[in-house]
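To keep things clear, I will list the structure first and then write my remarks on it.
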Amino acid sequence: MPNFIPTDRKTDYLLPPSVDDWLTQDHLARFVVEVILLLLGATAAPVPTSAPCAWLANHA
């Protein structure tokens, strides 16, 4: 017999509308997000907006 998890069908949402409702300002998850954003910003190559099709053709 399967083990079903009981659910409440009257629940409006599964997660809070905002992460701020659950995480404090000094939570580790906020630090991890900041580090990832810094790393992505340092390694992401800017895409020229003047001729994106030409840029994509040369870098595809």
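On inspection, Leu38 does not qualify as part of a loop (DSSP other than H, G, I, E, B) and surrounded by 10 or more Cβ atoms within 10 Å (Cβ to Cβ).
The set of residues in region 9-33 that are surrounded by 10 or more Cβ atoms within 10 Å (Cβ to Cβ), modelled with pLDDT of 80 or more and not basic (Lys, Arg) comprises Val19, Asp20, Trp22, Leu23, His27, Ala29, Phe31, Val32, Val33.
The values are calculated or read from the model by the stated rules, or taken from the named source; none is laboratory data. From a predicted model like this one, the values you see are computed outputs, not experimental measurements. Quick reminder, even Gly has a Cβ in these numbers, built from the backbone with ideal geometry, and neighbours come from all protein chains shown.
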